[in-house]
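Everything below concerns the one structure shown next.
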Amino acid sequence: MALKDFPKQVSLRDGTPVILRPMVESDEAALLAFFLRLSPEDRQFLRDDVTRPELIHAWCQGIDYNRVLPILAECEGRIVGDATLHRRSGWMRHLGEIRVVNDPFYRRRGLAAAMARELFYLALQAGLDKMTAEVGADQHAAIRVFERLGFRQEARLDGHIVDLLGRRHDLVVLTTDIPALMRKLEEVFLQAAGSLDS
C-alpha cells in the first residue's frame, strides 16, 4: 500500500495542525495512553478492550499494513486519533472496513473526517471499491459523520453488540462505493476552487 505521502499535516476546522501517519512499533506506550484517556462511554462500542496493554503490544508488534492499516493522528506529541483500514480476503477482497476513534477534545473539529478521507485514498490506491463501517445504533454522532462522508445505512442488526457492561445494542452497517465517493469529493474540491477564482 502506498504510504509515501506520510507523514502529512492537516488543519482542523479551527486551524489546529495535526500530523497523520501510519502506526509504528514504537507507538505502543503512546497508543495505550490515548486509549486510557477515553472514557468508558467512549470505549463501550469498541470491538476490543483497548485498555489491555497486552492487546496494544500485540497490535504494535504485529503490524501488517496490507492486512490492517492504522493511521494515527498526532497533535503536540500526543496521539489524538486512530483510524484503521481493515482488508478482507477471498470473495470480499474488494472490500475494506473503516474504524475511527478520536480524543473527545478533537471531536466536531473535522478530525474523524480528515482521517477517513486519507483511508479512502489509500483504499482506492489498493484497488478496493467498497467500504463498510459498523457502529452501534446509539452512536448517532458517528453515524452522522459517516453519512456526511457518503456512507448509507444498509442494515440494522438487533442485539448484535454486547458492550463492556454486558448490555446489548443494535448494530448499524453502513457502506459506500469508493470510486463514486472519490469522484464526489473531487467535484466538491473543484467547485470550491472555482468559487475562489470567480
The range 85-110 - residue that is of a type outside the set (Lys, Arg), without any contact (Cβ under 8 Å) to a residue 60 or more places away in the chain and within 21 Å of residue 36 (Cα to Cα) and, of those, most open to solvent (accessible area, probe 1.4 Å): 105
May I ask you to list the residues in the range 130-146 that are assigned to a loop (DSSP other than H, G, I, E, B) and either touching a Cys at 6+ places or on another chain (Cβ under 6 Å) or open to solvent by less than 60 Å² (accessible area, probe 1.4 Å) (or both)? 137, 139
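Yes/no matrix, rows are residues, columns are (1) on the phi < 0 side of the Ramachandran plot; (2) surrounded by 15 or more Cβ atoms within 10 Å (Cβ to Cβ); (3) out of contact with any Ser or Thr (no Cβ under 8 Å at 6 or more places or on another chain); (4) small (Gly, Ala, Ser):
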{"residue": "54", "(1), (2), (3), (4)": "yes, no, yes, no"}
{"residue": "64", "(1), (2), (3), (4)": "yes, no, yes, no"}
{"residue": "72", "(1), (2), (3), (4)": "yes, yes, yes, no"}
{"residue": "83", "(1), (2), (3), (4)": "yes, yes, yes, yes"}
Subset of the range 111-129 (residues that are without any contact (Cβ under 8 Å) to a residue 60 or more places away in the chain, of a type outside the set (A, V, I, L, M, F, W, C) and surrounded by 13 or more Cβ atoms within 10 Å (Cβ to Cβ)): 129
Within the range 1-11, how many residues turn out to be surrounded by 11 or more Cβ atoms within 10 Å (Cβ to Cβ) and at pLDDT below 90? 3
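The values are calculated or read from the model by the stated rules, or taken from the named source; none is laboratory data. Quick caveat: nothing in here was measured; it's all calculated off a predicted structure. Positions of Cβ are generated from backbone atoms using ideal geometry, with glycine treated the same way; all protein chains shown enter the neighbour counts. Each accessible area value is taken on the protein alone, full model and side chains, heavy atoms only, with ligands, DNA and RNA left out. Shrake-Rupley method; radii C 1.70, N 1.55, O 1.52, S 1.80 Å.
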